[in-house]
Amino acid sequence: MGQASIRELENFKNQVGTKFQLYNSLFISLPFHRIEKTGILLSIFLNACEEGYARNESPTEIVELFFERFTTFKNKQEQPELLLRFIQYVERQVVLFDAVEDAAFTQINDTNGPGTMKELYGKMQQQNLRELFESKLRDFNVAMVLTAHPTQFYPGAVLGIINDLSKSLKENNANQVNVYLQQLGKTPLSKKQKPTPYDEAVSLIWYLENVFYNAVGKIITDLSERFPDAQQHNPVIKMGFWPGGDRDGNPNVTSEITLKVAEALRSSIIKCYYLDVRKLKRRLTFKEVDVLLTELEMKLYNNIFIPNATTDLNADEIIQTLVQMRNIIIHQHNGLFLSLLDNLIHKVRVFGIHFATLDVRQESSVHGRVLQTLADTEGLLPAGYADLNEADKISALLQTNGVATADKYEGIVKDTLLSFDTIRNIQKQNGPTGCNRYIISQCNTALNVLEVYALFLFTGWKAEEMNIDIVPLFETISDLKNAPGIMRLLYGNETYRNHLARRNKTQTIMVGFSDGTKDGGYLMANWSIYKAKEELTNISKEYGIAVIFFDGRGGPPARGGGKTHKFYASMGSNISTKEIHLTIQGQTVSSNFGTVDAARFNIEQLLNAGISNSLFADKERTLNDQQENALQQLADISYDAYQKLKEHPDFLTYLSQVSPLNYYSETNISSRPSKRGASARLALKDLRAIPFVGAWSQLKQNVPGFYGVGSALEALEKSGQFAEIKGLYQRSLYFKTLIDNCEMAMEKTYFPLTAFLSKHPQYGELWNIIYEEYGRTEKYLFKLSGHNELMHDYPVERLSIQMRERIVMPLTTIQQYALTKLRDEKNMDAGEKAILERLIVRSSFGIINAGRNSV
């Protein structure tokens, strides 16, 4: 461990570990009913858990022995009541730990060190690359798309408490901390009802207003001061948004909701500008400037506070007024307070009046169903359309004329048709950037893309005015393999090629990690995405198309999270990095972008990665043929091992009965159902990747994050190739990042929690298979890295994970206790069953919120 890591670790222990223990003790003194007794008993229960697992006791034995030895609670009502109080207490401990980590961010991270923009500026100057750097700034972007995917969701009130608590912790204001902890004690952390898509949008708009608005403004202002000519017309940073636009498998998202969310985004950014203008008025009190500022203030005010007074205010109009003020200040007032005005100008250039681009997403089969309905009822497509092959369907779609009437239909057909009108309406209100991407999930063919193109035409769009990017999403292993062939067909289609010409000869292609990992396991999913990107880059170049890859990344490594910026820095020259587009989901929002300091640091990491990969890409970073062959072997072997696990006859039964999978949708953290389709029968294909990965995570087995890696490394050792793989680990940033993130997933496992299943008559075989693969993977990762502990290179993150896992150990224990009783006791009355199910769901909520370590 280097000196820098030792210093960061000591800072973490002092600023996070010690402070958490100090302020955690305040919980016991809160003036609430029975809180002291709960806190004292919880510490005893935690100790009982740790000692019990060391003695190979099961969660059921630990809980029952705890009540027998340390309490007088004997009946079936008192015991669950105490366990519920434990859960509520731990939930608030997690919030406190989040706030303490946020407050210490700048003290435990080098905000001027590796991966930051300052480090990049230094490298640029040393290598005399200013011109190349400026050229890159003219067309490079990092686009961060906020999604409401359910991996963490605090209510808005709790987000505010975390924010205020962090500020007070930073200032060591113990009195204020105590007040906020009292507020936290009285504030519900769980939701009695599922949030609507609009609720989800409001929660994420909080981050846009309070974090991204300021963090992005600071970064862009700094860039503009250093490179004033290069960054004039390119925002460099973009924001995207899915809540309210993401229809895939979510019947709660309607056109009405989409419009309502777009209006909320518009109102929110105008409110931000209005507040900034109010601040500017205190400084820009100069002749002529003050009049212009007052006029702008009134325009902004009318657009957000006066009913029915919304005007066609646009970003260009705001910028024009601000630039006019700027010129007056320069020529008449000695440039006084110019930097304050420039900061607002930069923000308007980034956020426009849309704040974040609202993407629309729908699953491909829905479009096919809508078109079939149009063929059957309106004659807009030839008779027998359903029986045509793919090529003939494409021909029919692109030759037809006419406009469909949405009001003729009901349900999903009507809303799908209305969604195309909705996009047009949003563009009128929020500008063209307000909604200009349509994403097709489960995209299997070129037809799926051209179906969407045709639906735009059927809903009144003119081909020459279609300022929309149609984005195919490839996720499963087979879809990723087929993606190059699909795009070749599209690029070769004259109609679609003309559409791309109007879109600046640029094609955005989305690839998703989550379903790929669920489908093919950790290594195969990641490698399939790499290979697909590589081939798609070559095909796009062949047709003269600039390809932008949009990564659907989740929080944990099993869903594409982890050291995300290192993946982008490791792409080499074979993969297009024209722009970086990625989803920011669940716990990644709060862990990486929860405060202005953290957001600025992590956005800079992405900017640095994308620009570095372009400016400094070298042979060491780009994989050669031999290295690719080795990675392909690893992926194939791990895929086979993972498939055998999935094909085990008890695989789905194990997951549904041993984990809280069946209760995932009841945590009320998402408006979207946990599986596609309405079938009551559990099928892996229909199961959403988020509950799939989340269930393994709560079980503390994290199968999608490591399974198959050990088998693959063992097989290559037996074939005499391990030295080659070790060399690859030492030389390839891509492979090392893969392994680093695998280690993170493994660090979050805890097999003693479920070790009692090793001798279970039905589940024992599967548990032992998973445990053996974990041990095998750990053994070979140690051989690969030369270390004897996981995450050796990231000691701060490792300690953070360990502390969080210890905090939630009572929750995982209670959850397994309740699941076991429900599974084993056949003649349970309805009341007792309901109590146990409540313990499972409430435990889930706390465990989910604690899983924040995605960095």
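The values are calculated or read from the model by the stated rules, or taken from the named source; none is laboratory data. Since the structure is predicted, the reported quantities are computational estimates derived from the model, not experimental observations. Using ideal geometry, Cβ is built from the backbone for each residue, glycine included, and neighbour counts are taken over all protein chains shown. With ligands, DNA and RNA removed, areas are computed over all heavy atoms of the protein, side chains included. Shrake-Rupley method; radii C 1.70, N 1.55, O 1.52, S 1.80 Å.
Out of G727, G694, G708, I need the residue that is at pLDDT below 95 and closer than 26 Å to A569 by Cβ. Which one? Full working, then the answer.
On the way: G694 fails: closer than 26 Å to A569 by Cβ; G708 fails: at pLDDT below 95.
Going through G727, G694, G708 in turn, the sole match is G727.
Has the stretch 67-79 got any residue that is among the hydrophobic types (A, V, I, L, M, F, W, C), under 30 Å from G764 (Cβ atoms) and open to solvent by less than 60 Å² (accessible area, probe 1.4 Å)? Show your work before the answer.
From the stretch 67-79, those among the hydrophobic types (A, V, I, L, M, F, W, C) are 67, 70, 73; that's our starting set.
If we keep only those that are under 30 Å from G764 (Cβ atoms) too, we end up with 67.
Okay, now just the ones that are also open to solvent by less than 60 Å² (accessible area, probe 1.4 Å), so 67.
There is at least one residue in the stretch 67-79 that is among the hydrophobic types (A, V, I, L, M, F, W, C), under 30 Å from G764 (Cβ atoms) and open to solvent by less than 60 Å² (accessible area, probe 1.4 Å).
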Give me a count of the residues in the stretch 394-413 that are touching a Phe, Trp or Tyr at 6+ places or on another chain (Cβ under 7 Å) and surrounded by 14 or more Cβ atoms within 10 Å (Cβ to Cβ). 2
So which helices (runs of 4 or more DSSP H) stay within the stretch 423-541 end to end and still have 1 or more residues that are open to solvent by 40 Å² or more (accessible area, probe 1.4 Å) and of a type in the set (G, A, S)? 477-492, 494-502
Identify all residues within the stretch 833-848 that are out of contact with any Ser or Thr (no Cβ under 9 Å at 6 or more places or on another chain) and of a type in the set (A, V, I, L, M); write none if there are none. A834, I835, L836, L839, I840
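Please go through the stretch 397-417 and give me each residue that is in a helix (DSSP H, G or I) and either farther than 30 Å from E494 by Cβ or of a type in the set (S, T, Y) (or both), ordered by number.
Start the filter on the stretch 397-417 by keeping residues that are in a helix (DSSP H, G or I), which leaves 397-399, 406-408, 411-417.
The answer is D407, K408, G411, I412, K414, D415, T416.
Can you name every residue in the stretch 695-754 that is β-branched (V, I, T) and in a helix (DSSP H, G or I)? Steps first, please.
Start the filter on the stretch 695-754 by keeping residues that are β-branched (V, I, T), which leaves 703, 709, 725, 737, 739, 749, 754.
Once the filter is applied, which keeps residues that are β-branched (V, I, T) and in a helix (DSSP H, G or I), the stretch 695-754 yields V703, V709, I725, T737, I739, T754.
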Restricting to the stretch 103-118, what's the tally of residues that are open to solvent by 20 Å² or more (accessible area, probe 1.4 Å) and either in contact with an Asp or Glu (Cβ under 6 Å, 6 or more places away or on another chain) or at pLDDT 90 or above (or both)? 3
Got a number for residues in the stretch 567-583 being open to solvent by less than 10 Å² (accessible area, probe 1.4 Å) and small (G, A, S)? 2
Within the set of pairs 6 or more residues apart or between chains, which connect a residue that is modelled with pLDDT of 90 or more inside the stretch 83-102 to a residue that is among the charged types (D, E, K, R) with Cβ atoms less than 6 Å apart? I87/R842; V100/K19
Read through the list (1) part of a helix (DSSP H, G or I); (2) farther than 28 Å from L661 by Cα; (3) under 30 Å from the mean Cα position of the chain (by Cα); (4) touching a residue at least 12 places away in the same chain (Cβ under 8 Å), then give the number of the only condition that D793 fails. (1)
